[in-house]
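Participant: Please find one structure pasted underneath; my questions will follow.
The values are calculated or read from the model by the stated rules, or taken from the named source; none is laboratory data. Nothing here was measured: the structure is a model prediction, and the numbers come from that model. Counting neighbours? That spans all protein chains shown, and the Cβs are built from the backbone with ideal geometry, glycine included. Accessible surface areas use protein heavy atoms only, side chains included; no ligands, DNA or RNA. Shrake-Rupley method; radii C 1.70, N 1.55, O 1.52, S 1.80 Å.
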Amino acid sequence: MSDLGDFANYDPDDSGEGDSTTAAESSTESESDADADFEPVSVSPVGTDRGIGTLSASEGLVVSEEADDTCLRAYVTVSNRSSVRIGSYLVAAYPDGERLFCRIVALEYAQEFRSDDATEIHARRAMRREGIDEQDYKFMATLEPVAVLYEEGGELKRRMTDRVPKPETVIRRAEDSTEIKTGLKIPEEGVFLGHLAVGGEKVKTAASPPTIDYRLKDDYEAGDPLVFRHTLVAGGTGSGKTHGAKNVLRQYLADDRRYPTDDGRTVAPALVQFDPQDEYAQMHDDNPEMDAEYERRLDREGIAHGGVADTKAFVPKVGDATYAAAHHGAEQIEFTIPFSMVFDNPWLVAGSGLNDNQYGALVGVLLPQFERQYGRSGTYDDFRTFLDDPALKEELDESGRVHEATFDAIRRRILGFGSIFDQDARPITELVDAFVRPGGITTVPTYHINDSRATTTVVLALSSLLVDQKLSNNPTHDRIKQTPLVLGMDEAHNFLTDADSVQADRVIGKFAEAAKQGRKERLGLFLITQDPQDIADPIFKQINTTVVLNLGDENAIKAVNIPSNLEGKVPYMEKGQMVVYSPDNSEPVELIGLSNCLTRHGRD
């Protein structure tokens, strides 16, 4: 006997005492039940679902100034679960019409009922049936609030998140272009970079076109144009770095792109692009792979495309190196670096390894005395002859101005520049008006130069000419001073790197100052690199817009200093995918660039 009695001999046919129901009555009731037609009752709410789920307060519903204290979680209904992604943008309405704009930062399944599904029975049942019964689980999305959207004067605006939404508020996908752009602070007008994406897929809306264009501010209404606050494009080999850079630079050469100058004019910018792989002169030519339909799509979105007729390749004459370019139709102009530029930038010949003491003797004694004897027109060969004079060496040593050992060291290290200065071509100082042209592209190819020191000297000589004239209060070349200028430098890590040398110190100092003064002087640096960690910190700190494509090196990824939630995506991005971090323009976002280059690209 148990506490409830012994049921071992229980006879279900025995009605027992006190049961007044007869067998006939029981039979009648059974037949009646069998004939009854019971209508099934639906447990689904009446009506049509709105959104993808609702906010849940089961674990708290908190909006806080401290990100770690904020708790926003939403229950996602079964039919919407397969289409929800981390990074997706959502909207939750407040009762008064304002909206919370947020994004998904985590997704998880949780048990709907108290049970343990980590068992042999559960596992084997799952292995034998088709599909999964999601009704047994809760699907929860953790949300990060981005901004509160509100209407003012018929215009949608944003502010920081300062209120908490109600429990069970319906959440829906953000599918309106204006709503998304306002929520992410993306300008409606400006320089086109790409289309907004989440997880490698473009964000779609119900509008036409369905994609959301991402643009950089390019007017003075809300501060300085971002082109003059400098851009860094970082990406590994095969990431689409050059393709993407060409597409962005092409926008700065749009027909209607103009910037005001101090004298009241509006002037088209000039682009000077240093081109170690000889790829940017192709911006002269149309892309033969683009058809008329694709061009019409670009026109509808206001994206400049097609070759820029005013594109010239300025080819440095260096020793016996020859330049051949059948892959572009740009005009080729040969030039040389005159030794006279060394008077203003003596560090151009310090790349041979001069220490501080030797550099001081070169700048303070030797170059001034050489200028007095030969004038500003003195050539590199004249300078070598000047240093070969034993009487000069003896005089300077006896006077205590330059020790003979220092003199000999300078003389040895100055050798080797004969292929760079004063070659058989027009000096660049006589070609400035052709070199910097409003609305035109100048490329400086260096692929044909086999000497890395010669390449570095040429690039730094030209860039210093541009920077010095931009920063000067008494410029020699008004064309440079008065023209808005984009200074593009591919493989920038080779030229703007920290190093323990006199030349590096002078270069970094000059470009750091140029970066600081760029917005005032209308000078924009556009640096392209696969090794962003090698860009000198004083210059890197002045970069406002960072465009990051696929990078596989951990140090390079850390160096670009983008938010951690985007940092983890960088190694997995496909060609053309990018992360844009531009705090003065928008929230950090993921983009997909155009699949076609807007000008010619690639060798046949």
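Participant: Within the set of pairs 6+ apart or on separate chains, which have a first residue in the range 522-540 that is without any contact (Cβ under 8 Å) to a residue 40 or more places away in the chain, a second that is open to solvent by 10 Å² or more (accessible area, probe 1.4 Å) and among the β-branched types (Val, Ile, Thr), and C-beta atoms under 8 Å apart?
Facilitator: These pairs meet every condition: PRO538/ILE508.
Participant: Continuing with this model, one more query. Within the range 6-17, is even one residue surrounded by 10 or more Cβ atoms within 10 Å (Cβ to Cβ), modelled with pLDDT under 90 and over 14 Å from ILE171 (Cα atoms)? Reasoning before the result, please.
Facilitator: Step one: of the range 6-17, the residues surrounded by 10 or more Cβ atoms within 10 Å (Cβ to Cβ) are 15.
Right, trim to modelled with pLDDT under 90 and you get 15.
Right, trim to over 14 Å from ILE171 (Cα atoms) and you get 15.
Checking the range 6-17: at least one residue is surrounded by 10 or more Cβ atoms within 10 Å (Cβ to Cβ), modelled with pLDDT under 90 and over 14 Å from ILE171 (Cα atoms).
Participant: Another one. What do you reckon, is SER564 of a type in the set (S, T, N, Q) and without any contact (Cβ under 8 Å) to a residue 12 or more places away in the chain?
Facilitator: Details: of a type in the set (S, T, N, Q): yes; without any contact (Cβ under 8 Å) to a residue 12 or more places away in the chain: yes.
So SER564 passes the test.
Participant: Every residue in the range 496-518 that is assigned to a loop (DSSP other than H, G, I, E, B) and out of contact with any strand residue (DSSP E or B) (no Cβ under 7 Å at 6 or more places or on another chain), please.
Facilitator: Initial filter on the range 496-518 (assigned to a loop (DSSP other than H, G, I, E, B)): 496, 498-501.
Residues satisfying the conditions are ASP498, ALA499, ASP500, SER501.
Participant: Further question: Just checking, how many residues over the range 445-475 are assigned to a loop (DSSP other than H, G, I, E, B), touching a residue at least 12 places away in the same chain (Cβ under 8 Å) and open to solvent by 30 Å² or more (accessible area, probe 1.4 Å)? Before you say what the answer is, go through the steps one by one.
Facilitator: The initial filter retains those residues of the range 445-475 that are assigned to a loop (DSSP other than H, G, I, E, B), namely 446-451, 472-475.
Okay, now just the ones that are also touching a residue at least 12 places away in the same chain (Cβ under 8 Å), so 446-451.
If we keep only those that are open to solvent by 30 Å² or more (accessible area, probe 1.4 Å) as well, we get 447, 450-451.
Of the residues in the range 445-475, 3 are assigned to a loop (DSSP other than H, G, I, E, B), touching a residue at least 12 places away in the same chain (Cβ under 8 Å) and open to solvent by 30 Å² or more (accessible area, probe 1.4 Å).
Participant: Quick check: anything in the range 484-495 assigned to a loop (DSSP other than H, G, I, E, B) and more than 23 Å from ASP356 (Cβ to Cβ)? Before you say what the answer is, go through the steps one by one.
Facilitator: Just the residues of the range 484-495 that are assigned to a loop (DSSP other than H, G, I, E, B), to begin with: 484, 491, 495.
Narrowing the set further to residues that are more than 23 Å from ASP356 (Cβ to Cβ) leaves 484, 491.
The answer is yes, given that some residue of the range 484-495 is assigned to a loop (DSSP other than H, G, I, E, B) and more than 23 Å from ASP356 (Cβ to Cβ).
Participant: I would also like to ask the following. Could you tell me which numbered condition GLN332 fails, if it satisfies all but one of (1) under 32 Å from the mean Cα position of the chain (by Cα); (2) polar (S, T, N, Q); (3) modelled with pLDDT under 90?
Facilitator: (3)
Participant: Anything in the range 111-156 that is part of a strand (DSSP E or B), more than 19 Å from LEU55 (Cα to Cα) and of a type in the set (Asp, Glu)? List them, or say none.
Facilitator: Hits for the range 111-156 are GLU151, GLU152, GLU155.
Participant: Can you tell me which residues in the range 202-219 are within 15 Å of GLY302 (Cβ to Cβ) and either among the hydrophobic types (A, V, I, L, M, F, W, C) or more than 20 Å from the chain's Cα centre (by Cα) (or both)?
Facilitator: Within the range 202-219, ALA207, SER208, PRO209, ILE212, LEU216 meet the criteria.
Participant: Within the range 280-292, which residues are acidic (Asp, Glu) and modelled with pLDDT of 95 or more? Quick ask: steps written out before the conclusion?
Facilitator: Just the residues of the range 280-292 that are acidic (Asp, Glu), to begin with: 285-286, 289, 291.
Listed by number, the residues that qualify are ASP285, ASP286.
Participant: Of all helices (runs of 4 or more DSSP H) completely enclosed by the range 345-440, which ones contain at least 3 residues that are under 30 Å from VAL486 (Cα atoms)? Outline the logic, then answer.
Facilitator: Working: elements: 356-361, 367-374, 380-387, 390-398, 404-414, 432-435.
Qualifying helices (runs of 4 or more DSSP H): 432-435.
Participant: Inside the range 245-339, counting only strands (runs of 3 or more DSSP E) that do not spill past its ends, which hold 1 or more residues that are surrounded by fewer than 16 Cβ atoms within 10 Å (Cβ to Cβ)? Don't jump to the end; show me each part of the working.
Facilitator: On the way: elements: 270-275, 311-316, 331-336.
Here the list reads 331-336.
Participant: Separate question: Please pick out the residue among ARG99, ARG85 that is closer than 25 Å to ASP176 by Cβ and either open to solvent by 70 Å² or more (accessible area, probe 1.4 Å) or touching a helix residue (DSSP H, G or I) at 6+ places or on another chain (Cβ under 6 Å) (or both).
Facilitator: Answer to the selection: ARG85.
Participant: In the range 476-496, what residues are of a type outside the set (D, E, K, R), surrounded by fewer than 20 Cβ atoms within 10 Å (Cβ to Cβ) and closer than 22 Å to ALA254 by Cβ?
Facilitator: The answer is GLN482, and nothing else.
Participant: Evaluate the range 225-240: report whether one residue or more is at pLDDT below 95, open to solvent by less than 20 Å² (accessible area, probe 1.4 Å), closer than 26 Å to THR311 by Cβ and polar (S, T, N, Q).
Facilitator: Taking every residue of the range 225-240 in turn, at least one turns out to be at pLDDT below 95, open to solvent by less than 20 Å² (accessible area, probe 1.4 Å), closer than 26 Å to THR311 by Cβ and polar (S, T, N, Q).
Participant: All but one of (1) surrounded by fewer than 16 Cβ atoms within 10 Å (Cβ to Cβ); (2) touching a residue at least 12 places away in the same chain (Cβ under 8 Å); (3) farther than 30 Å from ASP285 by Cβ hold for GLY364, so report the exception by its number.
Facilitator: With respect to (1) surrounded by fewer than 16 Cβ atoms within 10 Å (Cβ to Cβ); (2) touching a residue at least 12 places away in the same chain (Cβ under 8 Å); (3) farther than 30 Å from ASP285 by Cβ, GLY364 is out only on (2).
Participant: What's the number of the only condition in (1) touching a Lys or Arg at 6+ places or on another chain (Cβ under 8 Å); (2) of a type in the set (Asp, Glu); (3) surrounded by 14 or more Cβ atoms within 10 Å (Cβ to Cβ) that GLU404 fails to meet?
Facilitator: Failed condition: (3).
Participant: Within the group THR119, THR77, THR54, which residue is modelled with pLDDT of 95 or more and either surrounded by 11 or more Cβ atoms within 10 Å (Cβ to Cβ) or of a type in the set (Val, Ile, Thr) (or both)? Write out each step before concluding.
Facilitator: Numbers: THR119 fails: modelled with pLDDT of 95 or more; THR77 fails: modelled with pLDDT of 95 or more.
Of the residues listed, the single one that is modelled with pLDDT of 95 or more and either surrounded by 11 or more Cβ atoms within 10 Å (Cβ to Cβ) or of a type in the set (Val, Ile, Thr) (or both) is THR54.
Participant: Turning to a different aspect of this structure: Are there helices (runs of 4 or more DSSP H) fully within the range 519-567 with at least 2 residues that are hydrophobic (A, V, I, L, M, F, W, C) and open to solvent by less than 40 Å² (accessible area, probe 1.4 Å)? List them.
Facilitator: Numbers: elements: 537-540, 554-559, 564-567.
Counting at least 2 such residues, we get 537-540, 554-559.
Participant: Here is a follow-up. Just to verify a result, which residue in the range 186-201, among those that are surrounded by 17 or more Cβ atoms within 10 Å (Cβ to Cβ) and not β-branched (Val, Ile, Thr), is nearest to ILE303 (Cα to Cα)?
Facilitator: PHE192
Participant: So, GLY60, is that one free of Cβ contacts under 8 Å to residues at least 12 places away in the same chain, out of contact with any Ser or Thr (no Cβ under 7 Å at 6 or more places or on another chain) and open to solvent by less than 30 Å² (accessible area, probe 1.4 Å) or not? Talk me through it step by step, then tell me what you get.
Facilitator: Numbers: free of Cβ contacts under 8 Å to residues at least 12 places away in the same chain: yes; out of contact with any Ser or Thr (no Cβ under 7 Å at 6 or more places or on another chain): yes; open to solvent by less than 30 Å² (accessible area, probe 1.4 Å): yes.
Taking the combined requirement at face value, the residue satisfies it.
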